[in-house]
Amino acid sequence: ELIRKNSLALEKGVELISVLDFVQKFSDSEDVRQQLSVLVESLASVRMDYLHPSEEEEQKRRDENERKQKEKVNALGWSPHRSSEAIDAQVKSGILFSGTLKVSETNYHVSFLQINDSAQIERLRALLRLFVEAHPALFPSQEAIASQMNRLDRIVIASISDRNRGVHGDQVAVELHPDDLWSSSSSPSAAFPRPSGRVVGIIQRNWRLYVATLQLSQNSLPPASSSSSSFSV
């Protein structure tokens, strides 16, 4: 880039030199020259540290970026996502469940985690069996329970806040709610309270293009704006 600019300057009859060269060429003060040389060396050292940081400096940058991201997320009212290392360890240890996030076609507030791993499905069914044993009054028909339990392979995500920035098709990690919240979080039409939870991390995004409209409130429109308050995105 510097060579290109120098060539353009020469074509126009302009001499292009650095500040250091300018001072050394035109300044009569040796003290000014020495101070400028020290300054240039310091700036060069800082630039090299930035382009080639040590492992310690690189970790500091990552920590600072993570801190800023958490502050931004908290300001918007979302729960921070857990790190990929924490998610991997907690899925393997059985603390979290993983699978594909599916948003309801009839109610965008509701979604669910579709679990594909057989070991996780069996663990979820085992938790539901314990719930049934602890709350027998909620389950008048044992045959219906057995039939639906055998097909249980998903966790209800009952609200947009519990979806926590997850998008339809994302691979996500979900933490179960306490079982006393299952009945209030599940669909009223369900035969029994279904396990519900919240997204705590994105394992892999389902990147794709979306077309949407942004509906502005009247309070956000300037006084001189037109009557239209919708924009295509």
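The values are calculated or read from the model by the stated rules, or taken from the named source; none is laboratory data. Note that the coordinates shown come from a computational prediction; the quantities given were computed from them, not determined experimentally. So basically every Cβ, Gly included, is an ideal-geometry build from the backbone, and we count neighbours across all protein chains shown.
Going through segment 81-108 one residue at a time, which ones are part of a loop (DSSP other than H, G, I, E, B) and touching a strand residue (DSSP E or B) at 6+ places or on another chain (Cβ under 9 Å)? Can you show your working first?
Start the filter on segment 81-108 by keeping residues that are part of a loop (DSSP other than H, G, I, E, B), which leaves 81-83, 93-96, 104-108.
Within segment 81-108, 81, 82, 83, 95, 96, 104 meet the criteria.
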Meets criteria (surrounded by 12 or more Cβ atoms within 10 Å (Cβ to Cβ), over 20 Å from residue 203 (Cα atoms) and at pLDDT 70 or above) for residue 81
no
Subset of segment 82-110, residues under 18 Å from the mean Cα position of the chain (by Cα) and closer than 16 Å to residue 157 by Cα, comes to 96, 97, 98, 99, 100, 101, 102, 103
Kindly list the number of the only condition in (1) farther than 15 Å from residue 204 by Cβ; (2) modelled with pLDDT of 90 or more; (3) of a type in the set (Gly, Ala, Ser) that fails for residue 134.
(2)
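Out of 125, 154, report the one residue that is within 30 Å of residue 210 (Cα to Cα), surrounded by 15 or more Cβ atoms within 10 Å (Cβ to Cβ) and modelled with pLDDT under 95. Steps first, answer last, please.
Numbers: 125 fails: within 30 Å of residue 210 (Cα to Cα).
Step by step, each of 125, 154 is checked, and only 154 is within 30 Å of residue 210 (Cα to Cα), surrounded by 15 or more Cβ atoms within 10 Å (Cβ to Cβ) and modelled with pLDDT under 95.
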